[in-house]
Amino acid sequence: MTDAPFVSPSSPAAAPDGRPVVSLSDVAVAFDGPPVLREISFSVAPAETRILLGPAGVGKSVLLKTVVGLIRPLRGKVELFGDDITHMPEENLFPLRARTGFVFQEGALFDSLTVRDNVAYQLIQERVADEEIDARVHEALKFVGLEQTFGMYATALSGGMRRRVAIARALIHHPELILYDSPTGGLDPVTSNTIIELIVKQRDVHETPALLVTHRLQDAFALCNHRFDPEENRMVALPEGYFNPNTTFLMLEESRLIFDGSLDELVQSQNAFVREFLE
Amino acid sequence: MALNAIDRTAKQIVLTVQEYSLFAGRAMLNLFRPPIYWTDFLVQSDIIGFGSLPIVILSGFFTGGVLALQSAATLSAFGATAVTGQFVSVTMIRELGAVLTGIMVAGRNASSIASELGSMVVTEQIDAMRALGVDPIRKLVTPRIFASVVMLLLLTIVSDACGIAGGAAVTVFLNHQNGTQYFHQAYEHLRYPDIVQGMVKPLFFGYILGSIGCFYGMRTTGGTEGVGRSTIQAVVTSSVLIIFVDFLITHVLLTIFA
């Protein structure tokens, strides 16, 4: 067992301390038609991992992009690292976004660049020395187990490898918040497990707060009932009935947030949609 | 119903013009505020400038040749075939060099810019760039517009030279006239206002093709089909705008130099 606290289903989840890293109040998002999201309020505390569940097409990715100002809300308030970004000019948002890591659904790697240049993209823009870039890229690729892809082009990678490189790109800058958009979507179970292990490793080793979008319950539960063992350098299951208290859930249905709570509260929820989703 | 449709379309056009103005203005303002991505500017200059060289040389050469053929046929009726050189050089430098190069480069580069940026939009690479804290307007759009402006000016000079050379080739080898006389006429009757006209136009045309290509690329929606649509819109709009702006600039400059 590590020193990290774990709680059984009967214990209330420990409320993480400190100001929220992300806070949304009564947010609504609309494009040309009716609102895609409405009355969305939640927050992400330091060291907290929030799993956003919901069926496909319900607005999970839109919500994730709204958190970092890639999509602007119609109304409501979005705070990132304590700053109100709801109406913040795009230019002022760039420094804030640089403090976050975003893993896109299909990786969104730059096809014309090598894996090295993709992972080091932020560092190259900041004109960091080449030797330091190479060292940090090797370190980030080692973290995701893809050191051999250093000089390869992004187009030569498989779907699973692209996601792992995207994770390396998101982590190289030591982000203060990570956003994962369906990181295991469309992948085989073995590759999905590898990616979940990386997310658990980042959560337990670096305690980086995260917001993770998925519609795969098995991934969400794996995040809750596993921990990363640094000695064995792999993810191990928590004892039966225990789960990570800093991993909590949100659920979207028909553009509204219908659940916000711990795993314990999720499995005991009487909401008809939650029950249907879990079953 | 019909009035509503007209009203909606008119509003849509005004909104698009407003969005384009803000977009193109912001892209140009980035030239005066750091960081400026000089490496990207050089890469784009190579793609837009050096890459377009073959089509500009060929189109310029054959346009000059056609001008010499047509003008000699008409001028011979007045016994004035000796002024073919003047006719070709003035027409190429004042008008055709800039317009033809603008349209040729727009066909090649406005389309490639729109499809490249459009593909980046639909695969979330632009969002990824923004999420990484990098301004895509500054990183992708400004270097492309600036490179289009600078390179189109240089390509127009190449096109003018090739056009005059093409006219000379036709005059000497097909019309069997004196080459020295052709070049003497071509040089002797050129005035500074002619050169100014020929050099001012590509600055506007380069800005049009670069900014229109980027604008349609960056507002792509609807997946790969949308990329195709953006590419067509970029080529059509930039080509029509180049001809329209050519008319306006010519009118203004002729008034100034009258």
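Taking every eigenvalue of the Cα gyration tensor of the stretch A:22-278, multiplying by 5 and rooting it, what semi-axes result, largest first, whole Å? Could the numbers behind the result be given before it?
Details: eigenvalues 165, 111, 52 Å².
Value: 29, 24, 16 Å, ordered largest first.
For A:Met152, the residues whose amide H sits under 5 Å from its own are A:Val115, A:Arg116, ignoring neighbours fewer than 5 places away on the same chain, with H placed 1.01 Å from N. Counting only other chain Cβ atoms within 10 Å of each residue's Cβ, the peptide A:92-103 averages 3.
Helical content of chain A, expressed as a calculated mean residue ellipticity at 222 nm, amounts to -8500 deg cm²/dmol (DSSP H runs of 4 or more residues, -39,500 (n - 2.57) each, divided by residue number, nearest 500). Taking amide H as placed 1.01 Å from N in the peptide plane, the amide H of A:Leu177 sits under 5 Å from that of A:Gly101, each at least 5 places away or on another chain. For the stretch B:218-258, the convex hull drawn through the C-alpha positions has a volume of 54 cubic angstrom per residue.
Going highest first, how would you order A:86-92, B:199-205, B:93-99 by mean Cβ packing within 10 Å? Before the final figure, lay out the partial values.
Numbers: A:86-92: 12.9, B:199-205: 21.3, B:93-99: 24.1.
Listed from highest to lowest mean packing, they are B:93-99, B:199-205, A:86-92.
Mean per-residue shielding of peptide B:227-237 is 0, counting Cβ atoms of other chains within 10 Å of each Cβ.
Calculate for chain B the 222 nm mean residue ellipticity that helices alone would give, adding -39,500 (n - 2.57) per DSSP H run of length 4 or more and normalising by residue count, nearest 500 deg cm²/dmol. Before the final figure, lay out the partial values.
Working: 11 runs with 197 residues, N = 258.
Dividing the helical sum by the residues of chain B leaves -26000 deg cm²/dmol.
Coupling constants for the stretch B:132-137 follow from the phi torsions by the Karplus curve (6.51 cos²θ - 1.76 cosθ + 1.60, θ = phi - 60°), and in residue order they are 7, x, 10, 7, x, 5 Hz; glycine and proline get x.
Could you sort the peptides A:118-124, B:54-60, B:10-16 by per-residue average Cβ neighbour count (10 Å cutoff), highest mean leading?
Numbers: A:118-124: 22.4, B:54-60: 18.7, B:10-16: 10.4.
Order by mean packing, descending: A:118-124, B:54-60, B:10-16.
For the stretch A:238-279 and the stretch A:84-154, write down the distance between their C-alpha centroids in whole Å. Their Cα centres are 32 Å away from one another. The mean number of partner chain beta-carbon atoms within 10 angstrom of a residue's beta-carbon across peptide B:117-129 is 5. Karplus-derived 3J(HN,Hα) values for the stretch B:55-60, using 6.51 cos²θ - 1.76 cosθ + 1.60 with θ = phi - 60°, are 5, 6, 4, 5, 5, x Hz; glycine and proline are entered as x. Amide H to amide H distances under 5 Å link A:Glu253 with A:Ile258, where only residues 5 or more positions off or on other chains count and H is placed in the peptide plane.
Computed 3J(HN,Hα) for the stretch B:95-111, one whole-Hz value per residue from the Karplus formula 6.51 cos²θ - 1.76 cosθ + 1.60 where θ = phi - 60°, is 10, 5, x, 5, 5, 5, 5, x, 6, 4, 5, 4, x, 7, 9, 4, 5, glycine and proline marked x.
Peptides B:185-196, A:52-63, A:126-137 ranked from most to least packed by the mean count of surrounding Cβ atoms within 10 Å: A:52-63, B:185-196, A:126-137.
Of all complete DSSP H helices in chain A, those with a Cα span along the helix axis of 15 Å or greater and a mean Kyte-Doolittle hydropathy of -0.5 or more are A:159-171, A:189-201.
Read-outs throughout are calculated quantities, based only on the coordinates presented, and are distinct from any laboratory measurement. Bear in mind the structure is a predicted one, so any value in this text is a computation, not a measurement. Note that each Cβ is placed from the backbone with ideal geometry, even for glycine, and that neighbours are counted across all protein chains shown.
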